[in-house]
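Have a look at the structure below, then the notes.
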Amino acid sequence: MKVTGSTNIMVRKLIRNLEKSKKPLWRKVAEELSASSRKRPYINLYKINKYTKPNDIVVVPGKVLGIGKLDHVVTVIALDFSKSAIEKIRASGGQTMSIYKALETFKDFKGKNVRLMKQ
């Protein structure tokens with residue numbers, strides 16, 4: 001059986017760009033995205049709320065779902081978001097950002113407020 005990558009050309013380009021990065025966080029995200037799409041994490045808001053503090057940056061190498069509520073401000077970076085998750089994050093004063101945009105915006109993550117969330 002031949003092992004192939006993602007059939008989505010944008011995801012393949014993203015993985016290549018993440019692997020070129022010198023930051024261990026981006027390399028770990030590339031490794032997670034290289035897995036089968038069925039194995040990518042689906043993280044609910046209640047989990048983000050439970051494991052983060054105000055003003056944290058959360059990186060999800062998968063999809064963020066809107067189950068639960070968010071009671072503090074966080075920046076969530078993910079491959080995809082559900083519509084309700086975007087609404088709830090923004091209603092709490094937080095920010096949503098795709099991994100594509102975050103790679104350009106946050107080239108150098110510094111600080112201890114960055115969390116990689118998997119299942």
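The values are calculated or read from the model by the stated rules, or taken from the named source; none is laboratory data. Bear in mind the structure is a predicted one, so any value in this text is a computation, not a measurement. In this analysis, Cβ positions are derived from the backbone assuming ideal geometry, glycine residues included, and neighbour counts consider all displayed protein chains. Ligands, DNA and RNA are excluded from the accessible area calculation, which covers all protein heavy atoms including side chains. Shrake-Rupley method; radii C 1.70, N 1.55, O 1.52, S 1.80 Å.
Of note:
- Residues in region 58-80 that are open to solvent by 30 Å² or more (accessible area, probe 1.4 Å) and of a type in the set (A, V, I, L, M, F, W, C): L65, I67, V73, L79.
- Index of the failed condition, L103 passing every other in (1) out of contact with any helix residue (DSSP H, G or I) (no Cβ under 8 Å at 6 or more places or on another chain); (2) at pLDDT below 95: (1)
- Residues that are in contact with a helix residue (DSSP H, G or I) (Cβ under 9 Å, 6 or more places away or on another chain) and among the hydroxyl-bearing types (S, T, Y) were ranked within region 8-57; the one that is surrounded by the most Cβ atoms within 10 Å (Cβ to Cβ) is S34.
- Evaluation of K118 against (1) surrounded by 15 or more Cβ atoms within 10 Å (Cβ to Cβ); (2) outside any helix (DSSP H, G or I); (3) in contact (Cβ under 8 Å) with a residue 24 or more places away in the chain (one fails), failing number: (1)
- Residue count for region 24-56, restricted to those that are under 22 Å from S6 (Cα atoms) and basic (K, R): 5
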